[in-house]
Structure formats: structure tokens, C-alpha cells
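The values are calculated or read from the model by the stated rules, or taken from the named source; none is laboratory data. Only a predicted model underlies this, so the values are computations on that prediction, with no experimental measurement involved. Here Cβ is always computed from backbone atoms with ideal geometry, including for glycine, and neighbour counts include all displayed protein chains.
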Amino acid sequence: MNEGRVQLFFREMAQIAGSQGMSVVVMSDSAGVWALTLVCDEPMTQQLLIRFNHLPGEKLMLPEVLLRTLYNHSPAGPGDYELMTYDVEDGQYQTVLHCISVGYNIPVRMSDALLLNVISMIPMYIEIDLFRRQRSRYTPHTSGLVIPINTISLDRLSVELQKAIAEENYRLASSIHEEIKKRSKQ
């Protein structure tokens, strides 16, 4: 761990029951003590599964081709990049691909950053204060995963609010309502 940031490592991926192919990816710190969860949509879930299962033709897919182009036609080499997550805004982690020698940042969805990490081994980091706010204890292969409320879309929060009210879970309903109100003010 570098001062001020934590390197993230992919640990596992699980499909979300009842969803249209969505999954939750679990990443952890290097010690495997703390976890960060990330919800991935169906297209990203499929892209990750292609790489994890090493399906034929994966090396000819656009992310791999673009990565080779980046490495072959850029003054920066493969070891000159890193991925950094620094904030959560409107339910999305804010992440950039950072070129160390040139000093430029390219915004990227965190799920796409994870895919880039998987295919390239470009290290993936998160600012330590954000990690401390978003993390949960890592328990391998657990059936219950913690997903921070600030990373859930407003549409999904509205659905979950109605569900919490229907189930008379007023503590959860209050938390969800506060998150929705907080985002409405931004």
C-alpha cells in the first residue's frame, strides 16, 4: 500500500439473483482483509466472464486490441499506467486511467477499469479515505455481500425504498430516503 491509497485485487464475482445478468464483483486489499463491492451490468458481466473463462477470440476483442495499440503507439510503456478511484458521485465510482510519465487522466467507468485491470494487469487503486468509507470485511465466497448505498442508482434506490416501506423496515427506508434527498440537493 502506498501512502494515501490502497491497491485493489479482484477476488470473485457472483450473479445477482433475479437480475438481468447483473453481477457483483468483489475486490479486496492486498491482505484480503477488507473488500469493496462493485455492481456490474449485464454487458460488463459478459465481458468479464469471457476473460475469466478464456473463451476463443478474446485476444481479438476491442479492449485487447486497444490496449496493444496504446502500448505500441504511445510514448508511455505498459508499466506507466495505473487506475485510480477517487470519489463517488451520483451513485458511480469516479475512476481515471492515469499515465504516470505524461501526467494525464482519462475518466473511465470503474467496471471498465476492472476489465482493463483483468486484461492488462494495470494496477488498480482507490484513495484510502474513500476505501475506508466504502469497505466491508472480506469473507470469501459469502452469500451476503455489502453494497454501499451511495453506489446504487437513483432508480434502484426508489425501488428499494418502496420495498423497505412495504416490508415495514423503516430504518432502511429512512437511510434510503436520506440518500435520495442528499443526491437531489447536489
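Within the option set TYR93, TYR81, TYR71, being without any contact (Cβ under 8 Å) to a residue 12 or more places away in the chain, surrounded by 12 or more Cβ atoms within 10 Å (Cβ to Cβ), touching a helix residue (DSSP H, G or I) at 6+ places or on another chain (Cβ under 9 Å) and not aliphatic (A, V, I, L, M) holds for one residue only, TYR71.
Contact annotation: residue pairs with Cβ atoms under 9 Å, 6 or more positions apart or on different chains, pairing a residue in region 9-29 that is at positive phi with a partner that is part of a strand (DSSP E or B) and modelled with pLDDT of 80 or more, are GLY21/GLN15.
Among the residues of region 100-112, those identified as free of Cβ contacts under 8 Å to residues at least 24 places away in the same chain and more than 19 Å from ASP41 (Cα to Cα) are GLY103, TYR104, ASN105, ILE106.
When region 129-169 is filtered for residues that are buried (at least 16 other Cβ atoms within 10 Å of the Cβ), at pLDDT 85 or above and either part of a helix (DSSP H, G or I) or of a type in the set (A, V, I, L, M, F, W, C) (or both), the ones remaining, listed by number, are LEU130, PHE131, GLN134. Contact map, region 164-186: residues that are touching a residue at least 60 places away in the same chain (Cβ under 8 Å) paired with residues that are polar (S, T, N, Q) and assigned to a helix (DSSP H, G or I), Cβ distance under 9 Å, separation 6+ or inter-chain. Pairs shown: ARG183/ASN150.
Taking region 98-115 as the range and being modelled with pLDDT under 95 and in contact with a helix residue (DSSP H, G or I) (Cβ under 9 Å, 6 or more places away or on another chain) as the test, the residues that pass are CYS99, ILE100, SER101, VAL102. For region 122-135, indicate whether the set of residues that are within 19 Å of LEU48 (Cα to Cα), of a type in the set (A, V, I, L, M) and touching a residue at least 24 places away in the same chain (Cβ under 8 Å) is non-empty. For region 122-135, residues within 19 Å of LEU48 (Cα to Cα), of a type in the set (A, V, I, L, M) and touching a residue at least 24 places away in the same chain (Cβ under 8 Å): present.
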